[in-house]
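See structure below.
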Amino acid sequence: MKEAHKHLIQWGLDRGYKIEVDCMDGYVEYEGSDYAEAVEAVEASDCGGIYFVDGLIPESIYKEKRYLKGENNYVAGFGYVLEYHQEPDEIISDWGINEITDAWDKDYTMHCDQYQ
């Protein structure tokens, strides 16, 4: 069974999202589209966040919503915790609720079910 953070990163990249990895102190450890670098960034910190980024917030809405010009358009966020003796499916510990996170959860559950 693939570890949840690795499955999540690949799943997001396969759907065209950039990946942003933030460490527990809020520092952006990685932002881009390279699977190996994203995994390395996650594994460099005990806990943090993995975000799917879908380009920049469109100019048509950034003024209206008070976003900064050039700010990332975050479409999904997931919390992770890396602990010793942790099951692979427990690494992703929390996520926001929307269509994207629900779709990943269903896909990863099916992935895990194949190994039981």
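Neighbour counting of Cβ atoms within 10 Å sorts the residues VAL75, VAL28, fewest neighbours leading, into VAL28, VAL75.
Counting only DSSP H runs of at least 4 residues, each contributing -39500 (n - 2.57), and dividing by the residue count of the chain, the helix-based mean residue ellipticity at 222 nm comes to -10000 deg cm²/dmol. Here the residues LYS106, LYS18, LYS2, ranked from fewest to most Cβ neighbours within 10 Å of their Cβ, fall in the order LYS106, LYS2, LYS18. Each of HIS5, HIS111 was scored by other Cβ atoms within 10 Å of its Cβ. Arranged with the fewest first, they read HIS111, HIS5.
In plain terms, the chain from VAL28 to GLN10 could stretch by 4.6 nm, reckoned as 0.36 nm per residue minus the Cα-Cα distance. Spatially close Lys pairs in the chain, defined by Cα atoms under 19 Å apart and a spacing of eight or more places or different chains, total 4. Taking the alpha carbon gyration tensor of the chain, multiplying each eigenvalue by 5 and rooting it gives semi-axes of 26, 16, 12 Å, largest first. So, R0 is 22 Å and r is the distance between the beta-carbons of ALA36 and HIS111; what FRET efficiency does that work out to, to 0.05? Efficiency computed from Cβ-Cβ geometry: 0.65.
Only the coordinates and a few stated rules stand behind these numbers; no lab work does. Since the structure is predicted, the reported quantities are computational estimates derived from the model, not experimental observations. We place every Cβ from the backbone using ideal geometry, glycine too, and count neighbours over all the protein chains shown.
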